[in-house]
Amino acid sequence: MDLETFRRRCTDFLTAHATGITVTSAEDPRGETILNESKAFQAKVAEAGLAGLTYPVEFGGQGLSHDYERIWKEEASRFPVMNANLGISQGMCLPMLNEYGTDEQRALYQAKLISADEVWCQMFSEPGAGSDVASLGTSAVLDGDEWIVNGQKVWTTLAHVCDRGILIARTNPDAPKHRGISMFIVDMNAPGVEVRPIHQIDGGMRFNEVFFTDVRIAADHQVGPLNEGWRLATAMLMYERVAIGTSQLGAVLHDRADRLIHEARKRGLIDDPVLRQELMKMYSAEVCHSVGGLRSRAALQSGKTPGPAGSLGKLIGSTIAEHYRDLLAQVCGMSAVAGPGSPALSNQVLSTFASGIAGGTNEIQRNIIGERVLGLPREPSVDKDVPFRELKAGTQATG
Ligand SMILES: Cc1cc2nc3c(=O)[nH]c(=O)nc-3n(C[C@H](O)[C@H](O)[C@H](O)COP(=O)(O)OP(=O)(O)OC[C@H]3O[C@@H](n4cnc5c(N)ncnc54)[C@H](O)[C@@H]3O)c2cc1C
């Protein structure tokens, strides 16, 4: 099909089905309704042959070029967001499975991920291993043709509604910390997996603690080579930073500036020259961020694996969120936390804190940009060659 015909097909489909999610995030603290509506939409996308455009046909995709993906994203960006809460599953787990999974794993799961028949989560962070995730202590020990997993993960977004998750666990404690980790696909309903909600500052409970007690994973559910999980984890984090930093859409966006302008007009503040300057800064920052995002996406679409420059988009995205928070409080004053419309406004204010932490904190992004983009000297790493077992790291630090 030629590109123009394809564009018309996308527009027709979106006009008929992309009618918006019916609840706000504040009205759906566990994220379940939003996820179910996103899944129902994605099922229709798959049915129409518009999902997984660039993935191979034998694994549930459409086998098309990246031009088709770009057109879909361009068209989708003109409609309400319909893939909320699918970002981790489709923006991170799916490309990882496609790139590093065996053919058997891809045959089992790739089509289900594409159609959102299954939703997956990411289980990296632990109480003692967040920024320094290579210090993780969750262990996987081989027992015949199964791995037995024990330990704890934390901040696992949407674990309570996910079918499976991508887990990193320590498979060789005698190797230095970066060299004894492996990656697995875990069934979230397997015996021994316990998911407990975490209550957030914005009233939500979208992420969780996940406990593993003697959880059995079939050996053929290991992803990538044994003890090379750190390399895969780094690749997944890069997908994450591009997904967060560029959003899932494919257009030049300035919706935060638009919302602020709307609030400023409503309150008769739009002629204040100092505020106008701040609004203009917000507008310019959002436009530049979108353009940078499109560039990162274009690199991805030309077949490149995301590199450390993805950190730049993520860092800028979270500084924009902080600026937005300050301006929203300035424009809306007390009503950003109390009064008519306050739940939605305060939710926006409070949720901005997450963006400088999720997917790696701002400080970590600055370290990555400094070391791997600008070529500045690396942070000293005294534990690089020490066996993990001997380290006072992660949960061993208090042992
Ligand atoms: C909304 C949200 C969703 C999330 N979802 C998931 C998920 O689905 N799966 C998952 O695995 N994780 C998830 N996370 C966890 C996230 O990846 C971690 O919170 C993040 O990596 C930071 O780790 P930490 O919280 O342990 O903080 P710490 O690593 O303890 O950091 C504490 C402070 O120290 C600073 N710091 C640490 N090391 C350095 C350094 N070397 N140089 C300079 N400063 C440093 C940090 O910047 C931070 O300010 C989520 C987090 C949030 C907020």
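Read the figures in this text as sums done on the coordinates, not as results from a lab. All values derive from a computational prediction rather than experimental measurement. As a convention, Cβ positions derive from the backbone with ideal geometry for all residues, glycine included, and neighbour counts pool all protein chains shown.
A few comments on the model shown:
- Structural size metrics of segment 233-373, computed from C-alpha coordinates, are Rg and Dmax of 16.4, 49 Å.
- When 263, 4 are arranged by Cβ crowding within 10 Å, least crowded first, meaning fewest neighbours, the order is 4, 263.
- Between the amide H of residue 208 and those of 155, 156, 157, 158, 159, 198, distances stay under 5 Å, these residues lying 5 or more places away or on another chain, with hydrogens modeled in the peptide plane.
- Residue order for 323, 221, 199, fewest other beta carbons within 10 angstrom first, comes to 199, 323, 221.
- The angle between the Cα long axis of helix 3-17 and the main principal axis of the chain comes to about 80°, on a 0 to 90 degree scale.
- For segment 184-292: Kirkwood Rh in Å [reciprocal of mean 1/r, alpha carbons]: 18.6 Å
- Interchain or long-range residues, amide H under 5 Å from residue 146's placed H: 219
- A cut-off under 13 angstrom between Cβ atoms defines the neighbours of residue 163, and their net charge, with Lys, Arg +1 and Asp, Glu -1, is 0.
- The angle between the Cα long axis of helix 66-76 and the main principal axis of the chain comes to about 50°, on a 0 to 90 degree scale.
- Extension gain (nm, one decimal) between residue 386 and residue 5, 0.36 nm per residue minus Cα-Cα: 131.3 nm
- Equivalent ellipsoid dimensions for segment 3-118 as semi-axes, Å, which come from the Cα gyration tensor, largest first: 23, 20, 11
- Cα→Cβ-extended label distance, 7 Å offset, between residue 36 and residue 251, nm: 2.9 nm
- Crossing angle, helix 255-266 versus the chain [Cα axis fit, 0-90 degrees, rounded to tens]: 40 degrees
- The chain - percent relative contact order, Cα under 8 Å, separation 6 or more: 15 percent
- Zone residues, segment 140-170, relative to residue 81, backbone N less than 20 Å from point 7 Å out along Cα-to-Cβ: 156-162
- Between segment 26-58 and segment 108-138, the Cα center-to-center distance that results, in Å: 19 Å
- Applying a 4.7 Å cutoff between beta carbons, the unpaired cysteines of the chain are 10, 93, 288, 332.
- Dimensions (Å) - the chain, Cα atoms, principal axes, largest first: 69, 52, 41
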